[in-house]
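The values are calculated or read from the model by the stated rules, or taken from the named source; none is laboratory data. Predicted model only: the values in this text are computed from it and were never measured. Here Cβ is always computed from backbone atoms with ideal geometry, including for glycine, and neighbour counts include all displayed protein chains. Protein only, heavy atoms only, side chains kept; ligands, DNA and RNA dropped before computing areas. Shrake-Rupley method; radii C 1.70, N 1.55, O 1.52, S 1.80 Å.
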Amino acid sequence: MEALIIRGGNPLYGDVPVYGAKNSILPLLAASLLVKGESTFENCPKLSDVDTSVDILRLLGARVEINERTITVCADEVESKEIPCDWMSKMRGSILFFGAMLSRFDEGKSCRPGGCPLGERPVDLHLFVMEQMGFSVIGCEEDFCCKRAEKKDKKRKFRLRIPSVGATENAILLAVLTPGETKIENAAREPEIGDLIAFLNKAGAKISGAGSKTLKIEGVSSLKGVRHRVISDRIAAGTYLLAAGTAGGSVTVKGIDESLLRAAMPPLREAGFLVETFPAEIKLTRKSRPLPFSKLSTSPYPGFPTDLLPQFMAVAAYAHGTTLFVDNVFENRFSHVPDLEQGGAEIDVAGNVALVYGKEKLFGMHAKAKDLRAGAALLLAALGAEGETVLTGVEHIDRGYERIEEIFCTLGGDVKRQKEE
Ligand code: UD1
């Protein structure tokens with residue numbers, strides 16, 4: 001058990017490098033199971049979810065080499081058709097490895113995936129996609145045990161009930177080596193999906209429509225190994241910028257283009273922050289106590305990202321007024337609220353809606369991160385708070401942020417990692 005000890009009150013100044021997106025490298029590593037020869041990924045983040053992905057690949061029999069920020073995978077020798085349940089339960093993204101396994105072997109066995117407790121997180125859309133691609137669930141005790149009788153060379157078209165990121169990625173992974181044409185309607189449009197498509201097309205896939213709601217995939221017989229640079233992590237970048245919003249100061253994120261954070265730009269400016277954008281660089285300066293955001297409501301890309309909502313709430317907790325937050329993606333995006341209230345924040349929650357009444361000051365708290373972005377929000381709130389915060393549940397934060405305490409110390413914050421008894 002580890003904890004972060006945060007002494008709030010220091011303004012933050014300086015630059016933070018942004019590396020590859022967690023939500024991109026996970027599907028890319030899953031996709032490497034479909035490739036003959038070596039897939040090489042550059043700009044990889046060093047995160048525990050990436051370690052878990054590498055462990056799954058190795059467990060299945062892939063050769064994986066890691067050299068600083070470059071990961072090379074050769075899956076030629078993979079024969080296993082089963083992902084053990086304890087690996088599946090470590091993260092939600094493991095369902096993509098299951099999809100890739102089905103795509104490669106036409107069969108596979110595993111359990112339900114784990115992931116952040118953001119409310120009910122069903123897998124019906126993943127199962128729907130598998131079914132549309134010709135798989136049937138066959139009798140076995142585990143949750144997932146799928147097999148495809150034959151890969152029919154035909155045209156198929158299906159529509160996702162909601163534009164799920166993971167289900168869209170699984171549909172792509174399943175269709176790319178299936179003969180004939182697959183049309184996916186109401187597909188998710190997140191940039192990380194564009195990154196997966198860019199990699200697969202480089203490897204020989206025929207996918208069109210990236211960035212739009214309709215994807216068309218012409219199945220190919222094989223994919224070849226290529227090098228690919230992982231797209232930068234827009235959520236990590238947004239989190240570091242918002243830290244200047246709670247703690248004060250001026251933070252520049254380097255290695256990310258403003259276009260990836262377009263939906264977050266208007267509210268940041270509305271709060272009175274000075275936001276300057278340069279090629280592959282964004283700088284945020286807090287000049288005075290933030291103004292409240294007008295209603296912040298999440299929706300799938302290109303809408304405002306659900307993964308930044310808790311961090312914006314941390315800023316709103318210090319604002320000069322009241323902000324209404326609505327999360328339209330997950331049922332429970334507000335697990336950080338009771339801890340923030342312990343630090344003096346005033347927040348009303350009803351279902352997926354929260355009203356944050358800004359306070360001039362918050363105080364140190366004994367907080368526990370219950371999911372990844374909730375952990376980030378608590379850390380941001382603690383950086384601006386008076387006194388000391390002890391933040392446990394750090395393992396959630398490590399899933400998506402690299403050496404977070406070092407980053408904030410470099411900026412002038414006082415954050416230490418400590419082993420808990
Ligand atoms: C991905 C991201 C996660 C982000 C989320 C939404 C990764 C590894 N994770 O998660 O950080 O918060 O997109 O941007 O990329 N749903 C169903 N049935 C399904 C699948 C999803 O009802 O079979 C629902 C979910 O419960 C949720 C909504 O669809 O309410 C969106 O989820 P989805 O886009 O699938 O999120 P993930 O891919 O799990």
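Observations, loosely collected:
- Computed lengthening from GLU107 to LYS295, 0.36 nm per intervening residue step minus Cα-Cα distance: 63.1 nm
- In the stretch 22-229, the DSSP beta bridges split such that about 65 percent are antiparallel, to the nearest 5.
- MRE, 222 nm, helices only [DSSP H, n ≥ 4, -39500 (n - 2.57), over the chain, to nearest 500]: -9000 deg cm²/dmol
- Acute angle (nearest 10 degrees) that the helix 165-175 long axis makes with the longest principal axis of the chain, alpha-carbon atoms: 20 degrees
- Distant alpha-carbon pairs in the chain (separation over 37 angstrom), percent: 23 percent
- Comparing GLY37, HIS228, PHE158 along the charge dipole axis of the stretch 22-229, the residue lying farthest to the positive side is PHE158, per the Cβ-charge model.
- Of all accessible heavy-atom area on the stretch 297-421, the percent that carbon and sulfur account for (1.4 Å): 52 percent
- Gained length - GLU218 relative to ASP15, 0.36 nm times residue gap less alpha-carbon distance: 68.8 nm
- Förster radius 30 Å - calculated FRET efficiency between HIS320 and LYS416 (Cβ-Cβ, nearest 0.05): 0.45
- Approximate spin-label separation SER288-HIS366, in nm, with each point projected 7 Å along Cα-to-Cβ: 3.9 nm
- DSSP-defined beta bridges in the chain - what % are antiparallel, rounded to 5: 70 percent
- Taken about its Cα centre, the chain carries a charge dipole of about 1320 debye when Lys and Arg each add +1 at the Cβ and Asp and Glu each add -1 at the Cβ.
- In terms of its alpha-carbon gyration tensor, the stretch 15-113 comes out oblate; a/c meets the 1.5 threshold, while b/c is at least as large as a/b.
- Based on protein heavy atoms only, the chain ends up with 39 Å² per residue of surface accessible to a 1.4 Å probe.
- Computed E for LYS359/ARG269 - FRET, C-beta separation, R0 22 angstrom, nearest 0.05: 0.50
- The distance between label points at SER259 and GLU331 comes to 3.8 nm (points 7 Å beyond Cα on the Cα→Cβ vector).
- Rounded to the nearest 10 Å², the accessible area of PHE128 at probe 1.4 Å: 60 Å²
- Share of carbon and sulfur in the accessible heavy-atom surface of the stretch 22-229 [1.4 Å probe, %]: 45 percent
- For the chain, the longest principal axis of the Cα atoms and the long axis of helix 234-247 meet at an angle of about 10 degrees.
- Measuring r between the beta carbons of ARG161 and ILE138 and using R0 = 25 Å, the FRET efficiency lands at 0.55.
- Taking other residues whose beta carbon is less than 14 angstrom from the beta carbon of GLY343, and scoring Lys, Arg as +1 and Asp, Glu as -1, yields -2.
- Rounded, prolate or oblate (a/c below 1.5 giving rounded, otherwise prolate when a/b exceeds b/c) for the stretch 22-229 by Cα gyration tensor: rounded
- The C-alpha atoms of the chain define a longest principal axis, and helix 48-60 lies at about 20 degrees to it.
- Of SER335, ALA385, LEU324, farthest towards positive along the dipole that unit charges on Lys, Arg, Asp, Glu beta carbons give the stretch 311-385: ALA385
- Computed lengthening from ILE66 to GLU341, 0.36 nm per intervening residue step minus Cα-Cα distance: 94.8 nm
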